[in-house]
Number of protein chains: 2
Amino acid sequence: MRHTLAVLTENTPGVLTRVAGLFARRGFNIESLAVGVTEHPHISRMTVVVDGDDRVIEQVTKQLHKLINVIKITDISEDQAIERELVLIKVSAEPATRSEISEIVNIFRAKIVDVAPKTLVIEATGDEDKVEAIIQLLKPFGIREVVRTGKVAMVRGSKVVKIAEEAV
Amino acid sequence: MRHTLAVLTENTPGVLTRVAGLFARRGFNIESLAVGVTEHPHISRMTVVVDGDDRVIEQVTKQLHKLINVIKITDISEDQAIERELVLIKVSAEPATRSEISEIVNIFRAKIVDVAPKTLVIEATGDEDKVEAIIQLLKPFGIREVVRTGKVAMVRGSKVVKIAEEAV
């Protein structure tokens, strides 16, 4: 099963290596990883998507907890969660095809963020399926370059991934 | 100086650890990291933001080139680049404050993606300054949780970060 883990860590050099290393040593390929600071500047939050057997993921989670600078790990795969990623897509565009591309962009509530004589850059957000769908629809025009952020996730409603007070 | 590196790698376990490890061993703190697949499913692209002396970054880049599974590194800090990240923000919201929050969301062309009796979840995209600005404006309402993707970047215009044909 696919798991989405929210990993809160101290924002210090090396912690990312230790977390990624733990998955690598067990042969897990991290499908998606996004790292950014939280509302507390010295605390980072990683969103890690890995595919693996539930029991093995549980073991890995326990080992993650033992790592220096790791504050908290929450598996939010089971919860009702909002999942989003951002993608920038550079697509070939001639004057003749620009309006057709523009229509696709509107349908997906995406944005054109750069216009050049022969290319457009499109910014889109959504869950994985939506991002895949817009890439597929733009393929016939000629995709030049794609860069994706990896997924972030947050539980719906008022529930939060809490940081213990003493860690803040 | 702050550097934004686009690192193309094969999509295999361990490559992330090796890349992150190289930065950690030199004491660099990775400020932001985003990893996702590219237009070629077996090739991933990492966007790494690090702060460091130009000469040292150049040395690190040379060492990255020598790593197994690393295909290409491009420093796009100097180029005219589009920089974007995505943030999900859970904010406290009562019926009385909801319309005020909604106005801020509209100004930033952000989206409300979840509504609960006492909270809202907002999705916003932009460069770092814009993301910081919306977080600051929402602070007085009570921020419950923030998750950010880290930055992705793409050079403006038709220029692309090319993958050598034999690697594809």
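The values are calculated or read from the model by the stated rules, or taken from the named source; none is laboratory data. This is a predicted model, so every value here is computed, not measured. Reconstructed Cβ throughout: ideal geometry from the backbone, glycine too, with neighbour counts over all protein chains shown.
Numbers for the structure displayed
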item: Residues of region B:50-107 that turn out to be among the hydroxyl-bearing types (Ser, Thr, Tyr), in a helix (DSSP H, G or I) and farther than 30 Å from A:VAL161 by Cα, as a count; result: 1
item: Residues of region A:12-26 classified as among the small types (Gly, Ala, Ser) and at pLDDT below 85, total; result: 2
item: Sole residue being within 12 Å of chain A (Cβ to nearest Cβ), farther than 30 Å from A:SER158 by Cα and surrounded by 21 or more Cβ atoms within 10 Å (Cβ to Cβ), chosen from B:ARG84, B:ARG26, B:ARG45, B:ARG18; result: B:ARG45
item: Total residues in region A:29-48, condition in a loop (DSSP other than H, G, I, E, B) and in contact with a Gly (Cβ under 6 Å, 6 or more places away or on another chain); result: 0
item: Conditions (1) of a type in the set (A, V, I, L, M); (2) surrounded by fewer than 17 Cβ atoms within 10 Å (Cβ to Cβ); (3) modelled with pLDDT of 90 or more; (4) assigned by TED's automatic domain parsing to the domain that holds B:PRO13; number of the one not met by B:ILE107; result: (4)
item: Pairs where the first residue, in region B:29-40, is within 7 Å of another protein chain (Cβ to nearest Cβ) and buried (at least 17 other Cβ atoms within 10 Å of the Cβ) and the second is among the aromatic types (Phe, Trp, Tyr) and not in a strand (DSSP E or B), C-beta under 6 Å, 6+ apart; result: B:ILE30/B:PHE23
item: Test: residue in region B:14-24 that is aliphatic (A, V, I, L, M), within 25 Å of B:ASP127 (Cα to Cα) and touching a Lys or Arg at 6+ places or on another chain (Cβ under 8 Å); result: no
item: Index of the failed condition, B:THR12 passing every other in (1) surrounded by fewer than 16 Cβ atoms within 10 Å (Cβ to Cβ); (2) without any contact (Cβ under 8 Å) to a residue 24 or more places away in the chain; (3) facing another protein chain (nearest Cβ under 9 Å); result: (2)
item: Some residue of region A:28-36 being more than 16 Å from the chain's Cα centre (by Cα) and at pLDDT 85 or above; result: no
item: Residues being under 20 Å from A:GLY36 (Cα atoms), within 8 Å of chain A (Cβ to nearest Cβ) and not in a strand (DSSP E or B) - total across region B:108-150; result: 3
